[in-house]
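Presented below is the structure to which this report refers.
Laboratory data are not the source of any read-out in this text; all were calculated from the coordinates shown. Fair warning: this is a prediction, and the values are worked out from it, not measured in the lab. Ideal geometry is used to build each Cβ from the backbone, glycine not excepted, and the neighbour counts take in all protein chains shown.
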Amino acid sequence: FGAILQGDFGPLFTPGRPMLSWDVVLATPTVTYLSLPVTAASEDVDLMGRVLIQDIKQACSRRLRAVAQNPGTPLTPTLVAIDEFAALKDAKQIVDLLLQARQAALPLVLATQYFPQDPDLAKAVLQSGLIIVHRLVAKDSEDMAAQFGTKSEWKVTYQTDWQEGTTQKGSIRDVQGYV
């Protein structure tokens with residue numbers, strides 16, 4: 001916490017300044033936008049982002065306890081969007097949040113430019129209810145396609161004679177292709 005106080009985000013914790021209370025924010029439909037500018041404060045963004053994730057996890061836990069103690073307790077549905085997730089350098093503490101946030105009516109949107117490298121984090125991300133992909137490198141594309149499974153399909157092959165060209169012969173075989 002001392003590192004945050006000494007960094008670019010320190011002024012947010014000035015005594016007398018209004019503090020962000022997730023319980024207040026999550027009680028009513030509202031928009032809360034927190035900007036973590038990597039290019040302006042690269043050293044501090046990683047740490048501050050992780051602190052915010054921890055805060056949201058605690059709010060999620062309080063919401064789950066409230067429902068467990070009083071079944072039928074209405075929760076204000078809240079969409080939590082984390083843009084530039086890659087800037088948090090595969091923040092593993094988000095795994096718990098990804099796995100439990102939906103039950104607490106806190107679904108998450110993670111926007112990132114690359115697929116998480118940590119296997120536990122990648123698994124949690126892939127278990128989300130909706131995945132939207134705009135662009136991936138080849139290896140990440142295969143991992144993503146594998147999540148949707150394969151199906152049986154016919155693959156046609158053609159026989160070629162290197163002297164004469166196409167021989168008019170070929171074969172058909174059953175293969176597994178990505179859905």
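The table that follows gives values for the structure above.
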{"item": "Order by protection proxy (mean Cβ within 10 Å, highest first), peptides 17-23, 119-125", "result": "119-125, 17-23"}
{"item": "Contact order relative to length of the range 88-179, as percent, for alpha carbon pairs under 8 angstrom and 6 or more apart", "result": "22 percent"}
{"item": "Residue-averaged [θ]222 nm for the chain, counting only DSSP H segments that reach four residues, each worth -39500 (n - 2.57)", "result": "-10500 deg cm²/dmol"}
{"item": "With eigenvalues of the C-alpha gyration tensor scaled by 5 and rooted, the range 1-154, Å", "result": "30, 23, 12"}
{"item": "Local net charge near Gly7, Cβ-Cβ under 12 Å (Lys/Arg +1, Asp/Glu -1)", "result": "-4"}
{"item": "Contact order relative to length of the range 1-107, as percent, for alpha carbon pairs under 8 angstrom and 6 or more apart", "result": "30 percent"}
{"item": "Inter-label distance, nm, simple model (7 Å from Cα along the C-beta direction), Lys169/Thr76", "result": "7.4 nm"}
{"item": "Fully extended contour minus Cα-Cα distance, from Ser141 to Gln69, at 0.36 nm per residue", "result": "21.6 nm"}
{"item": "Net charge of Cβ neighbours under 14 Å - reference Lys57; Lys, Arg +1; Asp, Glu -1", "result": "+3"}
{"item": "Rounded FRET efficiency, nearest 0.05, which uses the C-beta distance separating Lys151 from Ser35 and R0 of 45 Å", "result": "0.55"}
{"item": "Residue among Leu12, Leu47, Leu79 with the largest mean-square fluctuation in a Gaussian network model of the chain, springs linking Cα atoms under 10 Å", "result": "Leu12"}
{"item": "Among Gln159, Gln54, Gln100: highest mean-square fluctuation, GNM of the chain, C-alpha pairs under 10 Å", "result": "Gln159"}
{"item": "The range 58-130 - percent relative contact order, Cα under 8 Å, separation 6 or more", "result": "36 percent"}
{"item": "Neighbourhood charge, 14 Å Cβ-Cβ cut-off, centred on Leu75 and excluding it, Lys, Arg +1 and Asp, Glu -1", "result": "+3"}
{"item": "Segment Tyr158-Val133, length gained on full extension (0.36 nm per residue, minus Cα span)", "result": "5.6 nm"}
{"item": "Candidates Phe115, Phe85, Phe148, ranked by Gaussian network fluctuation over the chain, Cα under 10 Å, top entry", "result": "Phe148"}
{"item": "Greater than 22 Å apart at Cα, pairs in Lys57/Lys139; Lys92/Lys151; Lys92/Lys123", "result": "Lys57/Lys139; Lys92/Lys151"}
